[in-house]
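Engineer: Please see the structure below; I have some questions.
Every number in this text was worked out from the coordinates using simple rules, so none of it is lab data. Computed from a predicted model, the values in this text were never measured in an experiment. All Cβ positions, even for glycine, are placed from backbone atoms using ideal geometry, and neighbour counts span all protein chains on display.
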Number of protein chains: 2
Amino acid sequence: MIDYQDSRPIYEQIADHYKRLILVGAMNENDPMPSVRSLAVELATNPNTVQKAYALLEREGYIYTVRGKGNFVRGGDTLVENHKNEILDKLVSVLREAKEFSLNLKELVDEALGRIEK
Amino acid sequence: MIDYQDSRPIYEQIADHYKRLILVGAMNENDPMPSVRSLAVELATNPNTVQKAYALLEREGYIYTVRGKGNFVRGGDTLVENHKNEILDKLVSVLREAKEFSLNLKELVDEALGRIEK
DNA sequence: GCAACTGTACTATCGGTACTAATACAGTGT
DNA sequence: ACACTGTATTAGTACCGATAGTACAGTTGC
């Protein structure tokens, strides 16, 4: 699950992994996350690193924490909605840049969509 | 021209500034760039920092260097074309992510385009 | 040739930040 | 009390950005 060759930090890889699981529906509301310690052992890393990933997930609303008990998935449509908005923001910023350099937005989008089909 | 509050490194800000000037047509083929030393004085920074910006611009094909003479703008359609491809790549990667989470691409694009008009 | 300008190369250092780790602290449940 | 949970603090390491100084090398105009 962790790619040590990857330049991205471990905690970010962990967080993204679980974001994906949650968004895709592989984990559901109130499902328990692995404990910071057990996951640390499993991934051969440090509990603090796992915690940093969990803190990130909590800040972004993917999980919630109960002291002494553990971390749990915060399901619901809000998550999917938020994620959609994140993607939308990225999209808008790319298109704004394109517009600034007077590129034809429709052409650009069509070209991009074409590439994806393959 | 340099924003010291900005978290982005100085050399990157310098490079982006000139990229913009070139892509927008404010600077044309073979126009001379300011010398590394003079620009360093003007920006109250270090010649090495400016050189790092110029090295970046050269690597990316925006300018060319003549030893002893200076740096000059490398104009031409290639630049614009390359920049367009960069934007296209970003666009494709965002849309791929959207697709992965089974979002409706057309809706998403329409929404984004709508936001830009404002 | 010389002076004054251009860019290039290399080394050293300082400061800040990101990442990971080690250790100790604190709450929960049986 | 014990075994589990998360939390906080501190430390070490590594890397990056920026600065500084120095020396070298090509171009141009006088």
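Engineer: When only C-alpha pairs under 8 Å and at least 6 residues apart count, what is the relative contact order of region B:10-75, in percent?
Structural biologist: Details: 78 pairs, mean separation 26.9, N = 66.
It comes to 41 percent, rounded to a whole number.
Engineer: Within chain B, which complete DSSP H helices have Cα atoms spanning at least 20 Å along the helix axis and a mean Kyte-Doolittle hydropathy of -1.0 or higher? Please list the in-between numbers first.
Structural biologist: Working: long enough: B:10-24 (21 Å, 0.16); B:77-100 (34 Å, -0.62).
Span-like helices here: B:10-24, B:77-100.
Engineer: Hey, another quick one. Compute the label zone of B:Glu60 within region A:95-116: residues whose backbone N is under 20 Å from the point 7 Å along Cα-to-Cβ.
Structural biologist: Residues A:95-104 fall inside that zone.
Engineer: In addition: Please find the FRET efficiency linking A:Asp31 to B:Tyr4, where r is the Cβ-Cβ separation and R0 is fixed at 45 Å, and quote it to the nearest 0.05.
Structural biologist: According to the calculation, E is roughly 0.45.
Engineer: Please check: in the Gaussian network model of chain A (C-alpha springs, under 10 Å), which one of A:Asn71, A:Asn82, A:Asn104 has the largest mean-square fluctuation.
Structural biologist: With Cα springs under 10 Å in chain A, the top fluctuation among A:Asn71, A:Asn82, A:Asn104 is at A:Asn104.
Engineer: Taking 1 over the mean of 1/r across every pair of different Cα atoms in region A:62-118, what Kirkwood radius in Å do you get?
Structural biologist: Numbers: mean 1/r = 0.0696 Å⁻¹.
By the Kirkwood definition, the hydrodynamic radius is 14.4 Å.
Engineer: What ranking do A:Leu39, A:Leu108 get, fewest neighbouring Cβ atoms within 10 angstrom at the top?
Structural biologist: Values: A:Leu39 21, A:Leu108 18.
Taking fewest neighbouring Cβ atoms as first place, the list is A:Leu108, A:Leu39.
Engineer: Something else about it: Express the C-alpha Rg of chain A as a ratio against the empirical globular expectation 2.2 N^0.38 Å, rounded to two decimals. It would help to have the intermediate numbers written out before the result.
Structural biologist: Numbers: Rg = 18.1 Å, N = 118, 2.2 N^0.38 = 13.5 Å.
In units of the globular-protein estimate, chain A measures up at 1.34.
Engineer: For the charge dipole of chain A, defined by +1 on Lys and Arg C-beta atoms and -1 on Asp and Glu C-beta atoms about the Cα centroid, which residue among A:Asn82, A:Val94, A:Ala55 has the Cα displaced farthest towards the positive pole?
Structural biologist: Value computed over the given set: A:Ala55.
Engineer: By counting other Cβ atoms within 10 Å of each Cβ, how are A:Met1, B:Met27, B:Met33 ranked from fewest to most?
Structural biologist: Numbers: A:Met1 9, B:Met27 19, B:Met33 23.
Neighbour counts put them in this order, fewest first: A:Met1, B:Met27, B:Met33.
Engineer: I need the fraction of alpha carbon pairs in the protein assembly as shown separated by more than 26 Å, rounded to a whole percent.
Structural biologist: Values: 15865 of 27730 pairs.
Of all Cα-Cα pairs in the protein assembly as shown, 57 percent lie more than 26 Å apart.
Engineer: Also, quick follow-up: For chain A, with a Gaussian network of springs between Cα atoms less than 10 Å apart, report the residue from A:Ser35, A:Ser102, A:Ser93 with the top mean-square fluctuation.
Structural biologist: A:Ser102
Engineer: Between the label point of B:Ile116 and that of the same position in each other copy, find the distances and list them shortest first in nm, with every label point placed 7 Å from Cα along the Cα-to-C-beta direction.
Structural biologist: Result for B:Ile116, in nm, nearest copy first: 1.4.
Engineer: Okay, moving on. Which value, in debye to the nearest 20, describes the size of the charge dipole of the protein assembly as shown about its Cα centre when Lys and Arg Cβ atoms bear +1, Asp and Glu Cβ atoms bear -1, and nothing else is charged? Mind dumping the intermediate values first?
Structural biologist: Working: 32 positive and 38 negative charges, 118 e Å.
The dipole magnitude comes to about 560 debye.
Engineer: Please arrange B:Asp31, B:Asp3 by how many other C-beta atoms lie within 10 Å of their C-beta, fewest to most.
Structural biologist: Details: B:Asp31 14, B:Asp3 9.
The fewest-first ordering by Cβ neighbours comes to B:Asp3, B:Asp31.
Engineer: At A:Glu42, label 7 Å along Cα→Cβ: distances to the other copies, nm, ascending?
Structural biologist: 5.7
Engineer: Please report the orientation-averaged projected area of region B:24-89, defined via the convex hull of its C-alpha atoms, in nm². Intermediate results must be reported in sequence, preceding the final value.
Structural biologist: Numbers: hull surface 19.8 nm².
Over all viewing directions, region B:24-89 projects a mean Cα-hull area of 5.0 nm².
Engineer: Could you please report the charge total around B:Asn46, scoring K, R as +1 and D, E as -1 over all other residues with beta-carbon less than 11 angstrom from its beta-carbon?
Structural biologist: For residues surrounding B:Asn46, the net value is +2.
Engineer: While we're looking at this one, here's another question. Suppose R0 equals 45 Å; then what is the FRET efficiency for B:Asp110 and B:Val41 from their Cβ-Cβ distance, rounded to the nearest 0.05? Please report the intermediate quantities before stating the final value.
Structural biologist: Working: r = 50 Å, r/R0 = 1.10.
Between B:Asp110 and B:Val41 the formula returns 0.35.
Engineer: Let me ask another. For label points placed 7 Å from Cα toward Cβ, what is the shortest-first list of nm distances from A:Ser102 to its copies?
Structural biologist: Here the equivalent label points are 4.4 nm apart from this one.
Engineer: Using alpha carbons only, how many angstrom separate the centre of region B:50-106 from the centre of region A:33-77?
Structural biologist: So the separation of the two Cα centres works out to 38 Å.
Engineer: How big is the dipole moment of region B:10-75 about its Cα centre under a simple scheme where the beta carbon of each Lys and Arg is +1, that of each Asp and Glu is -1, and everything else is neutral? Debye, nearest 20, please.
Structural biologist: Values: 8 positive and 7 negative charges, 39 e Å.
With only Lys, Arg, Asp and Glu charged at Cβ, the dipole is about 180 debye.
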